[in-house]
Amino acid sequence: MRFKFDVEINRRTEEHITKHNLTRNDVIHALSGRVYFRKTLIGGEEYWRLIAETEGRVLFIVLKPLNDRQRLITARDAEESEKRLYKKRGK
(Lines give C-alpha, C1' and ligand atoms only; values in the text may rest on other atoms or scores of the structure.)
Protein backbone atom coordinates (compact mmCIF):
# COMPACT_ATOMS: atom_id res chain seq x y z
CA MET A 1 0.00 0.00 0.00
CA ARG A 2 1.25 3.51 -0.74
CA PHE A 3 1.06 6.29 1.82
CA LYS A 4 2.19 9.92 1.78
CA PHE A 5 4.68 10.65 4.56
CA ASP A 6 6.07 14.01 5.69
CA VAL A 7 8.85 12.86 8.01
CA GLU A 8 10.71 15.01 10.52
CA ILE A 9 14.23 13.73 11.26
CA ASN A 10 16.16 15.47 14.02
CA ARG A 11 19.94 15.40 14.37
CA ARG A 12 19.92 12.94 17.28
CA THR A 13 17.81 10.43 15.36
CA GLU A 14 19.91 10.90 12.23
CA GLU A 15 23.04 10.09 14.27
CA HIS A 16 21.25 7.06 15.71
CA ILE A 17 20.30 5.58 12.34
CA THR A 18 23.87 5.98 11.05
CA LYS A 19 24.79 3.35 13.65
CA HIS A 20 22.50 1.05 11.64
CA ASN A 21 24.32 2.06 8.43
CA LEU A 22 21.37 4.13 7.19
CA THR A 23 21.00 7.72 6.05
CA ARG A 24 18.01 10.04 6.10
CA ASN A 25 17.80 9.58 2.32
CA ASP A 26 17.57 5.79 2.74
CA VAL A 27 14.55 6.24 5.01
CA ILE A 28 12.86 8.87 2.85
CA HIS A 29 13.39 6.79 -0.28
CA ALA A 30 11.98 3.67 1.40
CA LEU A 31 8.89 5.57 2.56
CA SER A 32 8.21 6.83 -0.96
CA GLY A 33 7.50 3.29 -2.16
CA ARG A 34 5.33 0.47 -0.93
CA VAL A 35 5.20 -0.12 2.82
CA TYR A 36 3.76 -2.63 5.24
CA PHE A 37 2.16 -0.49 7.93
CA ARG A 38 0.92 -1.22 11.47
CA LYS A 39 -0.18 1.12 14.24
CA THR A 40 0.76 0.26 17.81
CA LEU A 41 0.33 1.80 21.25
CA ILE A 42 3.34 2.12 23.55
CA GLY A 43 2.74 3.73 26.91
CA GLY A 44 -0.61 4.98 25.65
CA GLU A 45 1.00 6.77 22.68
CA GLU A 46 0.50 5.82 19.04
CA TYR A 47 3.49 4.75 16.93
CA TRP A 48 3.65 3.45 13.39
CA ARG A 49 5.77 0.40 12.60
CA LEU A 50 6.63 0.10 8.93
CA ILE A 51 8.55 -2.26 6.74
CA ALA A 52 9.70 -0.73 3.46
CA GLU A 53 12.33 -1.27 0.80
CA THR A 54 15.08 0.91 -0.65
CA GLU A 55 17.57 -0.19 -3.27
CA GLY A 56 17.19 -3.86 -2.37
CA ARG A 57 17.36 -3.32 1.40
CA VAL A 58 14.28 -4.03 3.47
CA LEU A 59 14.03 -1.62 6.41
CA PHE A 60 12.10 -1.63 9.68
CA ILE A 61 11.06 1.95 10.48
CA VAL A 62 9.27 3.43 13.50
CA LEU A 63 7.46 6.77 13.20
CA LYS A 64 5.58 8.84 15.78
CA PRO A 65 2.56 10.58 14.20
CA LEU A 66 2.27 14.30 14.93
CA ASN A 67 -0.50 16.56 13.65
CA ASP A 68 0.26 16.53 9.92
CA ARG A 69 3.78 15.07 10.00
CA GLN A 70 5.60 12.09 11.45
CA ARG A 71 8.77 12.01 13.55
CA LEU A 72 11.33 9.33 12.78
CA ILE A 73 12.08 7.36 15.95
CA THR A 74 14.39 4.71 14.51
CA ALA A 75 15.21 2.68 11.42
CA ARG A 76 17.28 -0.43 10.85
CA ASP A 77 17.63 -3.34 8.46
CA ALA A 78 14.67 -5.67 8.83
CA GLU A 79 15.11 -9.05 10.46
CA GLU A 80 14.42 -12.16 8.38
CA SER A 81 10.90 -12.59 9.80
CA GLU A 82 10.12 -8.95 8.97
CA LYS A 83 11.45 -9.40 5.43
CA ARG A 84 9.18 -12.40 4.93
CA LEU A 85 6.19 -10.41 6.19
CA TYR A 86 7.01 -7.55 3.83
CA LYS A 87 7.38 -9.87 0.84
CA LYS A 88 4.09 -11.56 1.69
CA ARG A 89 1.96 -8.50 2.54
CA GLY A 90 3.85 -5.34 1.62
CA LYS A 91 3.54 -5.72 -2.12
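The values are calculated or read from the model by the stated rules, or taken from the named source; none is laboratory data. Predicted, not measured: the structure shown is a model, and the values here were computed from it. Counting neighbours? That spans all protein chains shown, and the Cβs are built from the backbone with ideal geometry, glycine included.
Being at pLDDT 95 or above, over 13 Å from the mean Cα position of the chain (by Cα) and under 22 Å from residue 89 (Cβ atoms) is the requirement here; does residue 15 meet it?
Numbers: at pLDDT 95 or above: yes; over 13 Å from the mean Cα position of the chain (by Cα): yes; under 22 Å from residue 89 (Cβ atoms): no.
So residue 15 fails the test.
Scan segment 1-24 residue by residue and report those that are more than 18 Å from residue 49 (Cβ to Cβ) and surrounded by 10 or more Cβ atoms within 10 Å (Cβ to Cβ).
Correct list: 10, 14, 18, 21, 23, 24.
For segment 24-37, state whether one or more residues are in a strand (DSSP E or B), touching a strand residue (DSSP E or B) at 6+ places or on another chain (Cβ under 8 Å), farther than 17 Å from residue 82 by Cα and free of Cβ contacts under 8 Å to residues at least 24 places away in the same chain. Give the derivation first.
Filtering segment 24-37 for residues in a strand (DSSP E or B) gives 35-37.
If we keep only those that are touching a strand residue (DSSP E or B) at 6+ places or on another chain (Cβ under 8 Å) too, we end up with 35-37.
Retained after the next criterion (residues that are farther than 17 Å from residue 82 by Cα): none.
No - not one qualifying residue is present in segment 24-37.
Within segment 56-75, can you find the residues that are out of contact with any strand residue (DSSP E or B) (no Cβ under 9 Å at 6 or more places or on another chain) and either at pLDDT 95 or above or farther than 19 Å from residue 4 by Cα (or both)?
Hit for segment 56-75 is 56, nothing else.
For segment 22-75, how many residues are of a type in the set (Asp, Glu) and in contact with a Gly (Cβ under 8 Å, 6 or more places away or on another chain)? Steps first, answer last, please.
Residues of segment 22-75 of a type in the set (Asp, Glu): 26, 45-46, 53, 55, 68.
Remaining after also requiring in contact with a Gly (Cβ under 8 Å, 6 or more places away or on another chain): 53.
The qualifying residues number 1.
Which residues, taken from segment 62-91, are within 15 Å of residue 10 (Cβ to Cβ) and out of contact with any helix residue (DSSP H, G or I) (no Cβ under 6 Å at 6 or more places or on another chain)?
If we filter segment 62-91 for residues that are within 15 Å of residue 10 (Cβ to Cβ), which is where we start, we get 62-64, 66, 69-75.
Result: 62, 63, 64, 66, 69, 70, 71, 73, 74.
Can you tell me how many residues in segment 38-56 are among the small types (Gly, Ala, Ser) and touching a residue at least 12 places away in the same chain (Cβ under 8 Å)?
Filtering segment 38-56 for residues among the small types (Gly, Ala, Ser) gives 43-44, 52, 56.
Within this subset, residues satisfying the condition of being touching a residue at least 12 places away in the same chain (Cβ under 8 Å) are 52.
Here the count works out to 1.
Let me spell it out: the conditions are (1) crowded, with 16+ Cβ neighbours inside 10 Å; (2) without any contact (Cβ under 8 Å) to a residue 24 or more places away in the chain; (3) among the β-branched types (Val, Ile, Thr), and residue 61 meets all of them except one. Which number is the exception?
Single failed check for residue 61: (2).
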